[in-house]
1. Relative to a virtual label point 7 Å from the Cα of Glu44 in the Cα→beta-carbon direction, which members of the range 102-146 show backbone nitrogen distances below 14 Å?
2. How large is the charge dipole for the chain, taken about the Cα centre, if only the Cβ atoms of Lys, Arg (+1) and Asp, Glu (-1) carry charge, to the nearest 20 debye?
3. Using a 1.4 angstrom probe, figure out how much accessible area the chain has per residue, in square angstrom, rounded to the nearest whole.
4. Under a point-charge model restricted to the Cβ atoms of Lys and Arg (+1) and Asp and Glu (-1), what is the dipole moment magnitude of the range 56-171 relative to its Cα centre, in debye to the nearest 20?
5. Kindly work out what percent of the DSSP beta bridges joining two residues of the chain are antiparallel, to the nearest 5.
6. Which is farthest toward the positive dipole end of the range 18-137 among Tyr136, Gln112, Val78, measuring Cα position about the Cα centre, with Cβ charges +1 (Lys, Arg) and -1 (Asp, Glu)?
7. Show me the GluC sites (Glu not before Pro) within the range 32-130 that DSSP assigns to loop and that have at most 13 other Cβ atoms within 10 Å of their Cβ.
8. Rounded to the nearest 500, what is the 222 nm mean residue ellipticity of the chain from helices alone, with -39500 (n - 2.57) per DSSP H run of 4+ residues and division by all residues?
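The values are calculated or read from the model by the stated rules, or taken from the named source; none is laboratory data. Since we're looking at a predicted model, the values are computed, not measured. Note that each Cβ is placed from the backbone with ideal geometry, even for glycine, and that neighbours are counted across all protein chains shown. These area figures cover heavy atoms from the full protein model, side chains too; ligands, DNA and RNA do not enter into them. Shrake-Rupley method; radii C 1.70, N 1.55, O 1.52, S 1.80 Å.
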Amino acid sequence: MSDTTWNLEVVTQRLILRPQQPSDYEAWYAGFAGRLPSQHKYDEGQVDLSECDFQWFCNLCQHHQKRALQDKDYIFGVFLRETNRHLGNVDLSTIRREENQWANLGYGIHNQYQRQGFGTEAVRAAIIAGFEHLNYHRIEAAINLDNDRSIALAKRVGMKKECMRSGFFYENEQWVDHLIYVALPADFELAEKPPVDVIESLSQRIASRE
């Protein structure tokens, strides 16, 4: 990876959130390979890794970098600080910049590491990083009405239920309603900032290193 890549790192009490790099392949693979069978309706469970060799993972890392440098998606690998174990991922996807500075939040912890508070710790850290470093003003999570675990996590990190959007996502060959949970800087005692041109800011940062 060159020094012009997106390289935001967030450190918490137990975790490190950062972009995945080719050197993370073994840890990433072990995290997915160690998954248990699906534990509930919204747990993906075990996945097929037969095509996920090192080159495939390198391409994935480069794809994530490209998406971040285009201000489309910021995908954090979640790693345990003590051992560098790969615990899962958290992502922030830009919905609209300009006057909104609005992003969607996604999160997933491998099921062998669930119920240890890692998801709460990682998601809260990602939200704060989204406000402080990625200049979002509004971060929301769209959650299935019966996904009680995800709803509970959103509440624990300080997100607030805003509404239900009817027919919001197309899932399993049907349009499905979702609850919307929202975070704003004030909810985390952070100062509100005016909109910025994130692409221009990234370009300036890269240019300054050349």
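1. 106-112
2. Taking the Cα centre of the chain as origin, the dipole is about 480 debye.
3. 55
4. The dipole magnitude comes to about 160 debye.
5. Values: 35 of 38 bridges.
Bridges in the chain that DSSP calls antiparallel: roughly 90 percent.
6. Farthest towards the positive end: Tyr136.
7. Glu44, Glu51, Glu82, Glu98, Glu99
8. Numbers: 5 runs with 61 residues, N = 210.
Rounded to the nearest 500, the figure is -9000 deg cm²/dmol.
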